[in-house]
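Notes to accompany the following structure.
The values are calculated or read from the model by the stated rules, or taken from the named source; none is laboratory data. In this text, all values refer to a predicted model and were calculated from it rather than measured experimentally. Please note: Cβ atoms are built from the backbone with ideal geometry, for glycine as well, and neighbour counts cover all protein chains shown.
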Amino acid sequence: MLVGTSNLTKNMDNACVTELEIPLIVIMENAVNAAIKNLDIEENNSYTVVCGVGNNGGDGLGIARKLSILGKKVDIFLVGKREKLTECSSINFKILENMGLSLKFLNEKNKIDLENSLKNTDACVDAIFGTGLKRDVSGIFADVIEFMNNYSKKIYAIDISSGLDSDTGNIMGVAVKAFKTISFEFYKRGFLNYKADDYIGKVVVEEIGVPKFIKDKFHNNEFIADKNEITKFINKKDKNAHKGNFGRVSIVAGSRGFYGAAKIATESAVKTGSGLVTLISDSDVQEKLCTVFTEAMTVNYSEKERVRKLLCSSNAIGIGPGMGDNNTTLKIIESILKEVSCPIIIDADGINCLKNNKNILKDSKRDILITPHPMELSRITGFSMEYINENRIDAAKEAARTLKSIVLLKGNRTVITDGYTTYINMTGNSAMANGGMGDCLTGIITSLAGQNIPLFEAAVIGTYLHGYTGDRLAEEKYTVNASDIIEKIPYIMKEFERL
(Lines give C-alpha, C1' and ligand atoms only; values in the text may rest on other atoms or scores of the structure.)
Protein backbone atom coordinates (compact mmCIF):
# COMPACT_ATOMS: atom_id res chain seq x y z
CA MET A 1 0.00 0.00 0.00
CA LEU A 2 1.34 3.41 -0.98
CA VAL A 3 1.80 6.26 1.48
CA GLY A 4 1.34 9.67 -0.08
CA THR A 5 1.24 13.42 0.44
CA SER A 6 -0.96 16.26 -0.75
CA ASN A 7 1.57 17.04 -3.48
CA LEU A 8 1.30 13.48 -4.73
CA THR A 9 -2.47 13.89 -5.02
CA LYS A 10 -2.07 17.16 -6.89
CA ASN A 11 0.60 15.88 -9.27
CA MET A 12 -1.25 12.63 -9.87
CA ASP A 13 -4.51 14.41 -10.75
CA ASN A 14 -2.71 16.88 -13.02
CA ALA A 15 -0.91 14.08 -14.86
CA CYS A 16 -4.14 12.16 -15.41
CA VAL A 17 -5.77 15.27 -16.88
CA THR A 18 -2.88 16.75 -18.91
CA GLU A 19 -0.91 13.67 -19.97
CA LEU A 20 -3.64 11.04 -20.26
CA GLU A 21 -6.48 13.46 -20.98
CA ILE A 22 -8.77 11.75 -18.48
CA PRO A 23 -11.45 14.31 -17.55
CA LEU A 24 -11.28 15.09 -13.85
CA ILE A 25 -15.01 14.45 -13.59
CA VAL A 26 -14.32 10.82 -14.56
CA ILE A 27 -11.82 10.45 -11.73
CA MET A 28 -14.33 12.09 -9.40
CA GLU A 29 -17.04 9.66 -10.44
CA ASN A 30 -14.68 6.76 -9.78
CA ALA A 31 -14.10 8.18 -6.31
CA VAL A 32 -17.85 8.45 -5.75
CA ASN A 33 -18.38 4.81 -6.71
CA ALA A 34 -15.49 3.70 -4.49
CA ALA A 35 -16.91 5.63 -1.55
CA ILE A 36 -20.41 4.20 -1.95
CA LYS A 37 -19.00 0.68 -1.48
CA ASN A 38 -17.79 1.66 1.98
CA LEU A 39 -20.76 3.62 3.35
CA ASP A 40 -22.40 0.55 4.87
CA ILE A 41 -25.60 1.10 2.89
CA GLU A 42 -27.04 -2.17 4.18
CA GLU A 43 -27.00 -0.72 7.71
CA ASN A 44 -27.82 2.94 7.09
CA ASN A 45 -31.09 4.17 5.60
CA SER A 46 -30.53 7.91 5.93
CA TYR A 47 -27.53 10.20 5.50
CA THR A 48 -26.54 13.80 6.06
CA VAL A 49 -23.98 14.79 3.41
CA VAL A 50 -21.93 17.92 4.20
CA CYS A 51 -19.90 19.34 1.31
CA GLY A 52 -17.38 22.10 0.73
CA VAL A 53 -16.92 23.99 -2.53
CA GLY A 54 -13.72 22.23 -3.65
CA ASN A 55 -13.31 18.89 -5.39
CA ASN A 56 -13.75 17.02 -2.11
CA GLY A 57 -17.16 18.68 -1.95
CA GLY A 58 -17.76 17.51 -5.51
CA ASP A 59 -17.16 13.96 -4.33
CA GLY A 60 -19.75 14.54 -1.63
CA LEU A 61 -22.33 15.89 -4.08
CA GLY A 62 -21.81 12.85 -6.30
CA ILE A 63 -22.18 10.56 -3.28
CA ALA A 64 -25.44 12.28 -2.35
CA ARG A 65 -26.74 11.62 -5.88
CA LYS A 66 -25.81 7.93 -5.71
CA LEU A 67 -27.35 7.49 -2.26
CA SER A 68 -30.58 9.05 -3.48
CA ILE A 69 -30.67 6.73 -6.48
CA LEU A 70 -30.23 3.79 -4.10
CA GLY A 71 -33.37 4.88 -2.27
CA LYS A 72 -31.72 6.38 0.78
CA LYS A 73 -33.05 9.49 2.51
CA VAL A 74 -30.41 12.16 1.96
CA ASP A 75 -30.07 15.66 3.42
CA ILE A 76 -27.47 17.70 1.52
CA PHE A 77 -25.67 20.73 2.93
CA LEU A 78 -23.02 22.93 1.32
CA VAL A 79 -20.60 25.14 3.25
CA GLY A 80 -19.48 28.07 1.09
CA LYS A 81 -20.76 30.10 -1.82
CA ARG A 82 -22.12 28.61 -5.05
CA GLU A 83 -19.90 30.81 -7.23
CA LYS A 84 -16.82 29.30 -5.59
CA LEU A 85 -17.63 25.73 -6.63
CA THR A 86 -14.89 24.11 -8.70
CA GLU A 87 -15.76 23.03 -12.23
CA CYS A 88 -16.34 19.38 -11.35
CA SER A 89 -18.22 20.25 -8.17
CA SER A 90 -20.43 22.57 -10.17
CA ILE A 91 -21.29 19.74 -12.58
CA ASN A 92 -22.40 17.48 -9.74
CA PHE A 93 -24.31 20.38 -8.18
CA LYS A 94 -26.26 20.96 -11.41
CA ILE A 95 -27.09 17.26 -11.68
CA LEU A 96 -28.61 17.36 -8.18
CA GLU A 97 -30.65 20.41 -9.15
CA ASN A 98 -31.85 18.68 -12.31
CA MET A 99 -32.87 15.66 -10.23
CA GLY A 100 -34.95 17.93 -8.02
CA LEU A 101 -32.93 17.15 -4.90
CA SER A 102 -32.95 19.79 -2.18
CA LEU A 103 -29.65 21.31 -1.08
CA LYS A 104 -29.12 23.90 1.64
CA PHE A 105 -26.27 26.40 1.82
CA LEU A 106 -25.17 26.63 5.43
CA ASN A 107 -24.80 29.96 7.20
CA GLU A 108 -25.05 31.30 10.73
CA LYS A 109 -28.84 31.49 10.54
CA ASN A 110 -29.67 27.95 9.44
CA LYS A 111 -27.11 25.86 11.36
CA ILE A 112 -30.03 24.49 13.37
CA ASP A 113 -31.17 22.68 10.22
CA LEU A 114 -27.86 20.79 10.15
CA GLU A 115 -28.21 19.93 13.83
CA ASN A 116 -31.69 18.50 13.29
CA SER A 117 -30.57 16.53 10.26
CA LEU A 118 -27.58 15.01 12.04
CA LYS A 119 -29.76 13.97 14.96
CA ASN A 120 -32.31 12.30 12.69
CA THR A 121 -30.15 10.45 10.16
CA ASP A 122 -28.19 7.24 10.57
CA ALA A 123 -24.87 8.58 9.31
CA CYS A 124 -23.02 11.66 8.12
CA VAL A 125 -20.72 11.99 5.12
CA ASP A 126 -17.87 14.50 5.52
CA ALA A 127 -16.79 16.05 2.21
CA ILE A 128 -15.81 19.56 3.30
CA PHE A 129 -12.03 19.73 2.88
CA GLY A 130 -9.68 17.48 0.95
CA THR A 131 -5.93 16.92 1.15
CA GLY A 132 -4.97 20.49 0.29
CA LEU A 133 -5.94 22.10 3.61
CA LYS A 134 -3.00 24.04 5.11
CA ARG A 135 -4.70 26.68 7.23
CA ASP A 136 -6.63 26.60 10.48
CA VAL A 137 -10.35 26.00 10.15
CA SER A 138 -12.44 28.91 11.41
CA GLY A 139 -15.81 30.61 11.15
CA ILE A 140 -18.79 28.72 9.80
CA PHE A 141 -16.54 25.82 8.75
CA ALA A 142 -15.35 25.27 12.32
CA ASP A 143 -18.93 25.53 13.61
CA VAL A 144 -20.15 22.95 11.11
CA ILE A 145 -17.40 20.48 12.06
CA GLU A 146 -18.24 20.92 15.73
CA PHE A 147 -21.91 20.21 14.95
CA MET A 148 -20.94 17.08 13.02
CA ASN A 149 -18.80 15.80 15.88
CA ASN A 150 -21.44 16.60 18.50
CA TYR A 151 -24.59 15.32 16.80
CA SER A 152 -23.65 12.66 14.24
CA LYS A 153 -24.17 9.01 15.08
CA LYS A 154 -21.17 8.13 12.89
CA ILE A 155 -19.19 10.02 10.27
CA TYR A 156 -17.69 8.72 7.03
CA ALA A 157 -14.82 10.97 5.91
CA ILE A 158 -14.17 11.16 2.19
CA ASP A 159 -10.42 10.89 1.43
CA ILE A 160 -9.50 12.58 4.72
CA SER A 161 -11.19 13.94 7.83
CA SER A 162 -11.88 17.62 7.22
CA GLY A 163 -9.56 19.74 9.36
CA LEU A 164 -6.72 17.21 9.36
CA ASP A 165 -3.44 18.10 7.63
CA SER A 166 -2.91 15.20 5.23
CA ASP A 167 0.90 15.48 5.37
CA THR A 168 1.53 15.97 9.08
CA GLY A 169 -1.60 14.69 10.80
CA ASN A 170 -1.85 17.96 12.72
CA ILE A 171 -5.31 19.21 13.68
CA MET A 172 -5.92 22.52 11.95
CA GLY A 173 -7.90 24.09 14.77
CA VAL A 174 -10.74 21.57 14.65
CA ALA A 175 -11.25 18.34 12.70
CA VAL A 176 -13.94 15.80 11.98
CA LYS A 177 -13.83 12.69 14.18
CA ALA A 178 -14.54 9.98 11.63
CA PHE A 179 -15.92 6.51 12.21
CA LYS A 180 -14.36 5.50 8.88
CA THR A 181 -12.09 7.27 6.39
CA ILE A 182 -12.38 6.26 2.73
CA SER A 183 -9.04 7.31 1.27
CA PHE A 184 -8.26 7.29 -2.44
CA GLU A 185 -5.25 5.60 -4.07
CA PHE A 186 -2.93 5.81 -1.06
CA TYR A 187 -2.71 6.00 2.71
CA LYS A 188 -2.20 9.63 3.70
CA ARG A 189 1.09 10.34 5.46
CA GLY A 190 -0.70 12.34 8.14
CA PHE A 191 -2.67 9.26 9.21
CA LEU A 192 0.59 7.91 10.67
CA ASN A 193 0.81 10.70 13.23
CA TYR A 194 -0.41 9.49 16.61
CA LYS A 195 -2.42 12.71 16.91
CA ALA A 196 -4.61 11.60 14.00
CA ASP A 197 -5.80 8.41 15.70
CA ASP A 198 -8.91 9.97 17.21
CA TYR A 199 -9.96 11.48 13.88
CA ILE A 200 -9.49 8.90 11.14
CA GLY A 201 -11.32 5.83 12.48
CA LYS A 202 -10.99 2.75 10.31
CA VAL A 203 -9.07 3.62 7.13
CA VAL A 204 -10.00 2.03 3.81
CA VAL A 205 -7.87 2.75 0.75
CA GLU A 206 -9.63 2.48 -2.62
CA GLU A 207 -8.21 2.76 -6.12
CA ILE A 208 -10.00 5.19 -8.43
CA GLY A 209 -8.47 4.38 -11.80
CA VAL A 210 -5.07 6.10 -11.68
CA PRO A 211 -2.59 4.01 -13.73
CA LYS A 212 0.34 2.55 -11.81
CA PHE A 213 2.97 4.29 -13.92
CA ILE A 214 1.47 7.67 -13.02
CA LYS A 215 1.63 6.85 -9.32
CA ASP A 216 5.17 5.52 -9.68
CA LYS A 217 6.21 8.70 -11.46
CA PHE A 218 5.41 10.91 -8.48
CA HIS A 219 5.50 8.54 -5.51
CA ASN A 220 8.21 9.01 -2.86
CA ASN A 221 8.84 5.30 -2.14
CA GLU A 222 6.92 5.18 1.13
CA PHE A 223 4.80 2.08 1.72
CA ILE A 224 2.66 0.27 4.26
CA ALA A 225 3.97 -3.27 4.84
CA ASP A 226 1.46 -5.66 3.30
CA LYS A 227 0.71 -9.26 4.27
CA ASN A 228 0.68 -10.46 0.67
CA GLU A 229 4.12 -8.99 0.12
CA ILE A 230 5.48 -10.60 3.29
CA THR A 231 4.32 -14.06 2.27
CA LYS A 232 6.53 -13.96 -0.83
CA PHE A 233 9.58 -14.32 1.41
CA ILE A 234 8.30 -17.22 3.52
CA ASN A 235 9.24 -20.08 1.25
CA LYS A 236 8.10 -23.64 1.61
CA LYS A 237 10.94 -25.79 2.95
CA ASP A 238 12.40 -28.19 0.42
CA LYS A 239 12.16 -31.80 1.57
CA ASN A 240 15.90 -32.27 1.02
CA ALA A 241 16.94 -29.17 2.96
CA HIS A 242 19.25 -29.44 5.98
CA LYS A 243 20.38 -27.04 8.70
CA GLY A 244 23.11 -25.64 6.48
CA ASN A 245 20.44 -24.29 4.15
CA PHE A 246 18.91 -22.07 6.82
CA GLY A 247 21.86 -19.98 7.90
CA ARG A 248 24.37 -19.72 10.69
CA VAL A 249 23.75 -16.72 12.94
CA SER A 250 25.50 -15.28 15.98
CA ILE A 251 23.86 -13.32 18.77
CA VAL A 252 26.28 -11.12 20.74
CA ALA A 253 24.39 -10.16 23.87
CA GLY A 254 24.09 -10.07 27.65
CA SER A 255 26.15 -9.03 30.64
CA ARG A 256 26.07 -9.64 34.39
CA GLY A 257 22.49 -9.21 35.57
CA PHE A 258 21.11 -8.98 32.01
CA TYR A 259 20.76 -12.64 31.07
CA GLY A 260 17.19 -12.38 29.87
CA ALA A 261 18.00 -10.16 26.89
CA ALA A 262 20.57 -12.67 25.63
CA LYS A 263 18.20 -15.58 26.18
CA ILE A 264 15.29 -13.93 24.38
CA ALA A 265 17.32 -12.79 21.35
CA THR A 266 18.93 -16.21 20.98
CA GLU A 267 15.76 -18.24 21.36
CA SER A 268 13.81 -16.04 18.96
CA ALA A 269 16.50 -16.60 16.32
CA VAL A 270 16.18 -20.36 16.87
CA LYS A 271 12.39 -20.33 16.61
CA THR A 272 12.39 -18.15 13.49
CA GLY A 273 14.16 -20.94 11.66
CA SER A 274 17.93 -20.44 11.66
CA GLY A 275 19.91 -23.61 11.00
CA LEU A 276 22.55 -22.86 13.65
CA VAL A 277 22.44 -20.22 16.39
CA THR A 278 25.30 -19.34 18.74
CA LEU A 279 25.21 -16.93 21.67
CA ILE A 280 28.51 -15.07 22.11
CA SER A 281 28.78 -13.44 25.52
CA ASP A 282 30.95 -13.00 28.59
CA SER A 283 31.68 -16.03 30.77
CA ASP A 284 29.12 -15.09 33.39
CA VAL A 285 26.26 -15.05 30.85
CA GLN A 286 27.51 -18.24 29.22
CA GLU A 287 27.62 -20.00 32.56
CA LYS A 288 24.03 -19.04 33.32
CA LEU A 289 22.59 -19.94 29.90
CA CYS A 290 24.62 -22.85 28.53
CA THR A 291 22.47 -25.32 30.46
CA VAL A 292 19.24 -23.49 29.55
CA PHE A 293 19.60 -23.71 25.78
CA THR A 294 18.82 -27.00 24.11
CA GLU A 295 19.00 -25.85 20.48
CA ALA A 296 21.54 -22.99 20.60
CA MET A 297 25.28 -23.09 21.26
CA THR A 298 27.23 -20.75 23.52
CA VAL A 299 30.77 -19.36 23.55
CA ASN A 300 32.42 -16.63 25.63
CA TYR A 301 34.72 -13.80 24.63
CA SER A 302 37.82 -15.40 26.15
CA GLU A 303 37.71 -18.12 23.47
CA LYS A 304 39.06 -15.60 20.98
CA GLU A 305 39.92 -17.87 18.06
CA ARG A 306 36.66 -19.77 18.29
CA VAL A 307 34.73 -16.49 18.50
CA ARG A 308 36.57 -15.12 15.47
CA LYS A 309 35.80 -18.23 13.41
CA LEU A 310 32.15 -18.17 14.45
CA LEU A 311 31.73 -14.53 13.55
CA CYS A 312 33.51 -14.85 10.22
CA SER A 313 31.39 -17.85 9.26
CA SER A 314 28.10 -16.24 10.30
CA ASN A 315 25.47 -15.32 7.73
CA ALA A 316 24.13 -12.58 10.05
CA ILE A 317 25.02 -11.17 13.46
CA GLY A 318 22.75 -9.53 16.05
CA ILE A 319 24.52 -7.47 18.67
CA GLY A 320 23.63 -5.27 21.64
CA PRO A 321 20.80 -6.63 23.81
CA GLY A 322 21.71 -6.43 27.48
CA MET A 323 25.39 -5.64 26.88
CA GLY A 324 25.58 -2.31 28.70
CA ASP A 325 26.41 1.14 27.38
CA ASN A 326 30.15 1.02 27.99
CA ASN A 327 33.55 0.96 26.35
CA THR A 328 33.65 -2.85 26.29
CA THR A 329 30.52 -2.98 24.13
CA LEU A 330 31.98 -0.31 21.86
CA LYS A 331 35.20 -2.26 21.35
CA ILE A 332 33.30 -5.46 20.56
CA ILE A 333 31.24 -3.67 17.90
CA GLU A 334 34.35 -2.07 16.41
CA SER A 335 36.07 -5.45 16.26
CA ILE A 336 33.09 -7.18 14.64
CA LEU A 337 32.68 -4.48 12.01
CA LYS A 338 36.35 -4.87 11.05
CA GLU A 339 36.35 -8.68 11.00
CA VAL A 340 33.11 -9.74 9.30
CA SER A 341 31.36 -9.14 6.00
CA CYS A 342 27.83 -10.39 6.77
CA PRO A 343 24.81 -8.21 7.64
CA ILE A 344 24.83 -6.82 11.19
CA ILE A 345 21.85 -5.89 13.35
CA ILE A 346 22.69 -3.45 16.18
CA ASP A 347 20.17 -3.01 19.00
CA ALA A 348 19.82 -1.46 22.45
CA ASP A 349 23.17 -0.75 24.15
CA GLY A 350 24.90 -1.47 20.87
CA ILE A 351 23.26 1.72 19.60
CA ASN A 352 23.75 3.73 22.78
CA CYS A 353 27.51 3.18 22.88
CA LEU A 354 27.80 4.64 19.37
CA LYS A 355 26.35 8.02 20.30
CA ASN A 356 29.82 9.62 20.36
CA ASN A 357 31.29 7.24 17.80
CA LYS A 358 28.96 7.56 14.82
CA ASN A 359 31.80 7.34 12.31
CA ILE A 360 32.01 3.63 13.08
CA LEU A 361 28.70 3.31 11.22
CA LYS A 362 29.41 5.92 8.58
CA ASP A 363 32.76 4.40 7.63
CA SER A 364 31.64 0.78 7.61
CA LYS A 365 31.23 -1.06 4.32
CA ARG A 366 28.86 -3.61 5.90
CA ASP A 367 25.09 -3.84 5.60
CA ILE A 368 24.02 -2.51 9.00
CA LEU A 369 20.60 -2.19 10.60
CA ILE A 370 20.12 -0.18 13.79
CA THR A 371 16.88 -0.65 15.74
CA PRO A 372 16.43 2.36 18.06
CA HIS A 373 13.38 3.45 19.98
CA PRO A 374 12.87 7.26 19.88
CA MET A 375 15.13 8.01 22.86
CA GLU A 376 17.98 5.92 21.41
CA LEU A 377 17.55 7.67 18.04
CA SER A 378 17.71 11.00 19.86
CA ARG A 379 20.98 10.01 21.55
CA ILE A 380 22.70 8.89 18.38
CA THR A 381 21.47 11.72 16.12
CA GLY A 382 21.03 14.68 18.44
CA PHE A 383 17.44 15.12 17.22
CA SER A 384 15.06 16.26 19.93
CA MET A 385 12.44 13.83 21.15
CA GLU A 386 9.78 16.33 20.09
CA TYR A 387 11.13 16.40 16.53
CA ILE A 388 11.31 12.61 16.32
CA ASN A 389 7.80 12.07 17.68
CA GLU A 390 6.34 14.74 15.39
CA ASN A 391 8.28 13.62 12.30
CA ARG A 392 8.92 9.88 12.68
CA ILE A 393 9.35 9.16 8.97
CA ASP A 394 11.54 12.15 8.18
CA ALA A 395 13.66 11.68 11.31
CA ALA A 396 14.29 8.02 10.48
CA LYS A 397 15.08 8.79 6.83
CA GLU A 398 17.49 11.57 7.74
CA ALA A 399 19.23 9.34 10.29
CA ALA A 400 19.55 6.50 7.78
CA ARG A 401 21.17 8.75 5.19
CA THR A 402 23.49 10.39 7.73
CA LEU A 403 24.58 7.16 9.44
CA LYS A 404 24.66 5.16 6.19
CA SER A 405 22.62 2.45 7.85
CA ILE A 406 19.13 1.03 7.67
CA VAL A 407 17.07 2.48 10.52
CA LEU A 408 14.21 0.69 12.24
CA LEU A 409 12.51 3.27 14.44
CA LYS A 410 10.47 1.35 16.99
CA GLY A 411 7.06 2.29 18.30
CA ASN A 412 3.48 2.09 17.14
CA ARG A 413 3.77 2.13 13.33
CA THR A 414 7.42 1.19 13.23
CA VAL A 415 9.39 2.94 10.47
CA ILE A 416 11.95 0.96 8.45
CA THR A 417 14.04 2.96 6.00
CA ASP A 418 17.37 3.11 4.22
CA GLY A 419 16.81 6.84 3.72
CA TYR A 420 15.30 6.40 0.27
CA THR A 421 12.76 3.58 0.48
CA THR A 422 10.54 3.47 3.55
CA TYR A 423 8.09 0.93 4.98
CA ILE A 424 5.63 1.54 7.79
CA ASN A 425 4.61 -1.48 9.83
CA MET A 426 1.02 -1.46 11.08
CA THR A 427 1.07 -4.72 13.07
CA GLY A 428 1.58 -4.91 16.83
CA ASN A 429 -0.41 -3.66 19.81
CA SER A 430 -0.13 -2.29 23.34
CA ALA A 431 -0.45 -5.76 24.91
CA MET A 432 3.16 -6.19 23.73
CA ALA A 433 4.41 -3.13 25.62
CA ASN A 434 6.75 -4.87 28.04
CA GLY A 435 10.41 -5.79 28.48
CA GLY A 436 12.14 -8.11 26.06
CA MET A 437 10.13 -7.32 22.93
CA GLY A 438 13.03 -5.48 21.30
CA ASP A 439 15.40 -8.37 22.04
CA CYS A 440 12.88 -10.75 20.49
CA LEU A 441 12.66 -8.59 17.36
CA THR A 442 16.46 -8.52 17.07
CA GLY A 443 16.59 -12.30 17.11
CA ILE A 444 13.84 -12.60 14.51
CA ILE A 445 15.46 -10.16 12.07
CA THR A 446 18.90 -11.69 12.57
CA SER A 447 17.49 -15.12 11.80
CA LEU A 448 15.76 -13.93 8.62
CA ALA A 449 18.87 -12.08 7.42
CA GLY A 450 20.86 -15.26 8.02
CA GLN A 451 18.42 -17.17 5.82
CA ASN A 452 19.61 -15.24 2.78
CA ILE A 453 16.93 -12.57 2.91
CA PRO A 454 18.40 -9.10 2.16
CA LEU A 455 18.77 -7.06 5.34
CA PHE A 456 16.24 -4.36 4.45
CA GLU A 457 13.61 -6.94 3.55
CA ALA A 458 14.49 -8.98 6.65
CA ALA A 459 13.79 -5.91 8.79
CA VAL A 460 10.41 -5.30 7.14
CA ILE A 461 9.38 -8.97 7.28
CA GLY A 462 10.65 -9.50 10.82
CA THR A 463 8.84 -6.44 12.15
CA TYR A 464 5.62 -7.48 10.44
CA LEU A 465 5.79 -11.07 11.74
CA HIS A 466 6.69 -9.90 15.25
CA GLY A 467 3.68 -7.56 15.41
CA TYR A 468 1.33 -9.93 13.60
CA THR A 469 2.16 -12.71 16.05
CA GLY A 470 1.48 -10.31 18.91
CA ASP A 471 -1.84 -9.31 17.36
CA ARG A 472 -2.94 -12.91 17.13
CA LEU A 473 -1.95 -13.60 20.73
CA ALA A 474 -3.63 -10.40 21.96
CA GLU A 475 -6.98 -11.74 20.77
CA GLU A 476 -6.91 -14.04 23.79
CA LYS A 477 -4.26 -12.58 26.13
CA TYR A 478 -4.30 -9.30 28.08
CA THR A 479 -0.49 -9.22 28.16
CA VAL A 480 1.75 -10.66 25.45
CA ASN A 481 5.34 -11.33 26.49
CA ALA A 482 8.44 -12.01 24.40
CA SER A 483 8.32 -15.66 25.43
CA ASP A 484 4.78 -15.85 24.01
CA ILE A 485 6.02 -14.49 20.67
CA ILE A 486 8.92 -16.97 20.64
CA GLU A 487 6.57 -19.90 21.22
CA LYS A 488 4.00 -18.77 18.63
CA ILE A 489 6.12 -17.52 15.73
CA PRO A 490 6.88 -20.93 14.14
CA TYR A 491 3.13 -21.49 13.81
CA ILE A 492 2.63 -18.06 12.28
CA MET A 493 5.41 -18.67 9.75
CA LYS A 494 3.79 -21.98 8.84
CA GLU A 495 0.53 -20.12 8.29
CA PHE A 496 2.30 -17.68 5.96
CA GLU A 497 4.07 -20.52 4.14
CA ARG A 498 0.69 -21.98 3.20
CA LEU A 499 -0.72 -18.75 1.76
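Scanning the stretch 1-27 for residues that are surrounded by fewer than 20 Cβ atoms within 10 Å (Cβ to Cβ), in contact with a Cys (Cβ under 8 Å, 6 or more places away or on another chain) and β-branched (V, I, T) yields I22, I25. Of I145, I208, I230, all but one fail to be outside any loop (DSSP other than H, G, I, E, B) and surrounded by fewer than 24 Cβ atoms within 10 Å (Cβ to Cβ); the exception is I230.
Just checking, how many residues over the stretch 107-142 are among the small types (G, A, S) and part of a helix (DSSP H, G or I)? Result for the stretch 107-142: 3. Applying the set (1) within 23 Å of A316 (Cα to Cα); (2) of a type outside the set (F, W, Y); (3) surrounded by fewer than 16 Cβ atoms within 10 Å (Cβ to Cβ) to P372 leaves exactly one unmet item: (3). Among the conditions (1) of a type in the set (S, T, Y); (2) at pLDDT 95 or above; (3) closer than 27 Å to V460 by Cβ, T231 misses just one, which is (2).
Scanning the stretch 28-81 for residues that are surrounded by fewer than 18 Cβ atoms within 10 Å (Cβ to Cβ) and modelled with pLDDT under 95 turns up just one, K81.
When the residues of the stretch 309-359 are filtered to those that are in contact (Cβ under 8 Å) with a residue 40 or more places away in the chain and among the charged types (D, E, K, R), the one that is nearest to Q451 (Cα to Cα) is D347. Considering V249, V307, V277, the condition of being in the same structural domain as N481 (by TED's automatic domain parsing) and in a helix (DSSP H, G or I) is satisfied by V307 alone. Counting only residues that are farther than 22 Å from A175 by Cα and in a loop (DSSP other than H, G, I, E, B), the stretch 78-106 holds 5 of them.
Checked against the criterion of being among the hydrophobic types (A, V, I, L, M, F, W, C), more than 27 Å from D165 (Cα to Cα), free of Cβ contacts under 8 Å to residues at least 60 places away in the same chain and in contact with a Leu (Cβ under 7 Å, 6 or more places away or on another chain), the candidates L103, L67, L78 yield just one match: L103. Here A225, A157 are screened, and the one residue that is crowded, with 24+ Cβ neighbours inside 10 Å and in contact with a strand residue (DSSP E or B) (Cβ under 7 Å, 6 or more places away or on another chain) is A157.
The rows are residues; the columns are (1) outside the structural domain of N193 (by TED's automatic domain parsing); (2) over 15 Å from T442 (Cβ atoms); (3) over 19 Å from the mean Cα position of the chain (by Cα); (4) of a type in the set (A, V, I, L, M, F, W, C).
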| site | (1), (2), (3), (4) |
| --- | --- |
| N352 | yes, no, yes, no |
| K358 | yes, yes, yes, no |
| K362 | yes, yes, yes, no |
| R366 | yes, yes, yes, no |
| T371 | yes, no, no, no |
| S378 | yes, yes, yes, no |
| T381 | yes, yes, yes, no |
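Of note, K404 satisfies the criterion of being in the same structural domain as A262 (by TED's automatic domain parsing), at positive phi and at pLDDT 95 or above.
Residues in the stretch 427-481 that are small (G, A, S), assigned to a loop (DSSP other than H, G, I, E, B) and either buried (at least 19 other Cβ atoms within 10 Å of the Cβ) or modelled with pLDDT under 95 (or both): G428, G436. Please verify whether L85 is under 22 Å from G163 (Cβ atoms), among the aliphatic types (A, V, I, L, M) and free of Cβ contacts under 8 Å to residues at least 40 places away in the same chain, treating the condition exactly as stated. Against the criterion (under 22 Å from G163 (Cβ atoms), among the aliphatic types (A, V, I, L, M) and free of Cβ contacts under 8 Å to residues at least 40 places away in the same chain), L85 qualifies.
Scanning the stretch 183-200 for residues that are under 15 Å from the mean Cα position of the chain (by Cα) and either part of a loop (DSSP other than H, G, I, E, B) or under 22 Å from E21 (Cα atoms) (or both) returns F186, N193. Consider A157 carefully, then state whether it is assigned by TED's automatic domain parsing to the domain that holds C51, part of a loop (DSSP other than H, G, I, E, B), touching a residue at least 40 places away in the same chain (Cβ under 8 Å) and farther than 17 Å from V53 by Cβ. Here the answer is no, as A157 does not meet what is asked. Assess whether T9 counts as being outside any helix (DSSP H, G or I), among the hydroxyl-bearing types (S, T, Y) and assigned by TED's automatic domain parsing to the domain that holds I145. Spelling it out, it is not the case that T9 is outside any helix (DSSP H, G or I), among the hydroxyl-bearing types (S, T, Y) and assigned by TED's automatic domain parsing to the domain that holds I145.
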